[in-house]
1. Assess whether Val52 counts as being surrounded by 10 or more Cβ atoms within 10 Å (Cβ to Cβ) and modelled with pLDDT of 80 or more.
2. Against the condition modelled with pLDDT of 70 or more, of a type outside the set (Asp, Glu) and closer than 26 Å to Val21 by Cβ, how does Phe121 come out, does it pass?
3. Quick one: how many residues across segment 16-44 are basic (Lys, Arg) and over 15 Å from the mean Cα position of the chain (by Cα)?
4. Determine, yes or no, whether Thr22 is modelled with pLDDT under 85, within 24 Å of Phe132 (Cα to Cα), polar (S, T, N, Q) and out of contact with any Asp or Glu (no Cβ under 7 Å at 6 or more places or on another chain).
5. Asp39 versus (1) within 29 Å of Leu117 (Cα to Cα); (2) acidic (Asp, Glu); (3) loosely packed, with under 12 Cβ neighbours inside 10 Å: which is the lone unmet condition?
6. Mind listing whichever residues of segment 87-116 are over 24 Å from Pro46 (Cα atoms), among the hydroxyl-bearing types (Ser, Thr, Tyr) and either modelled with pLDDT of 85 or more or exposed (fewer than 11 other Cβ atoms within 10 Å of the Cβ) (or both)?
7. Identify the single condition in (1) loosely packed, with under 10 Cβ neighbours inside 10 Å; (2) at pLDDT below 90; (3) under 21 Å from the mean Cα position of the chain (by Cα); (4) among the hydrophobic types (A, V, I, L, M, F, W, C) that Ala73 does not satisfy, given that it satisfies every other one.
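The values are calculated or read from the model by the stated rules, or taken from the named source; none is laboratory data. Since this is a predicted model, take the numbers as computed values, not measurements. A quick note on method: Cβ atoms are made from the backbone with ideal geometry, for glycine too, and the neighbour counts reach across all protein chains shown.
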Amino acid sequence: MLLGILSELESGTKDLQAEDVTILDARNLFVETILLYPDADKRLRPNTEIVVSPNFESAVTKVLNNATDQLSAVEREDVCGLQINYPAAQAPSGKPLNLSEQAKERKKTSHEEFKYLDCQFLRPTSYMCERFFSWAKLALTDQRRAMTSQNFEQPMFLKVNKLALGRVRSC
């Protein structure tokens with residue numbers, strides 16, 4: 001019984017380590033785990049202590065789920081940097097708008113739908129941290145333990161960003 005539960009949880013943790021896992025995938029996995037094992041709710045719920053920005057995570061999850069119409073005002077504020085088009089500003093005309101025209105214009109812009117970047121490039125923090133510390137452990141051999149933190153940081157930065165830097169060089 002216990003071995004089966006541990007095996008099932010291990011498969012979930014391995015799924016979290018995949019290269020293409022998104023915040024939405026991680027959240028869905030956590031929700032499924034909570035449904036199967038309610039005791040995990042304290043550690044895996046969206047607003048647990050370890051989550052630095054629960055509103056941002058919730059907003060990104062909704063954006064990835066194509067549910068941007070369900071974003072709260074706080075969530076919309078947290079992901080405003082991911083918007084790819086902002087509501088069109090009214091073109092200034094020669095005459096000022098009267099009160100009813102201003103109200104109609106405000107209503108029109110308040111219901112305008114925002115479009116967001118494809119947020120699949122955002123990875124769950126646990127994945128990135130685990131990968132980074134794994135690489136650091138491999139890189140920090142006995143010969144390198146005497147390196148200063150700055151000298152160690154530079155090759156680690158290059159290691160972590162190797163894929164992105166490779167794409168830049170080949171362009």
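1. On the way: surrounded by 10 or more Cβ atoms within 10 Å (Cβ to Cβ): no; modelled with pLDDT of 80 or more: yes.
Against the criterion (surrounded by 10 or more Cβ atoms within 10 Å (Cβ to Cβ) and modelled with pLDDT of 80 or more), Val52 does not qualify.
2. Numbers: modelled with pLDDT of 70 or more: yes; of a type outside the set (Asp, Glu): yes; closer than 26 Å to Val21 by Cβ: yes.
Judged against the criteria, Phe121 is a match.
3. Applying the first criterion (basic (Lys, Arg)) to segment 16-44 yields 27, 42-43.
Filter once more, keeping what is over 15 Å from the mean Cα position of the chain (by Cα): 42-43.
Selection size over segment 16-44: 2.
4. Details: modelled with pLDDT under 85: no; within 24 Å of Phe132 (Cα to Cα): yes; polar (S, T, N, Q): yes; out of contact with any Asp or Glu (no Cβ under 7 Å at 6 or more places or on another chain): yes.
Answer is no for this residue.
5. Just one mismatch for Asp39, condition (1).
6. Ser93, Ser100, Ser110
7. All conditions pass for Ala73, except number (2).
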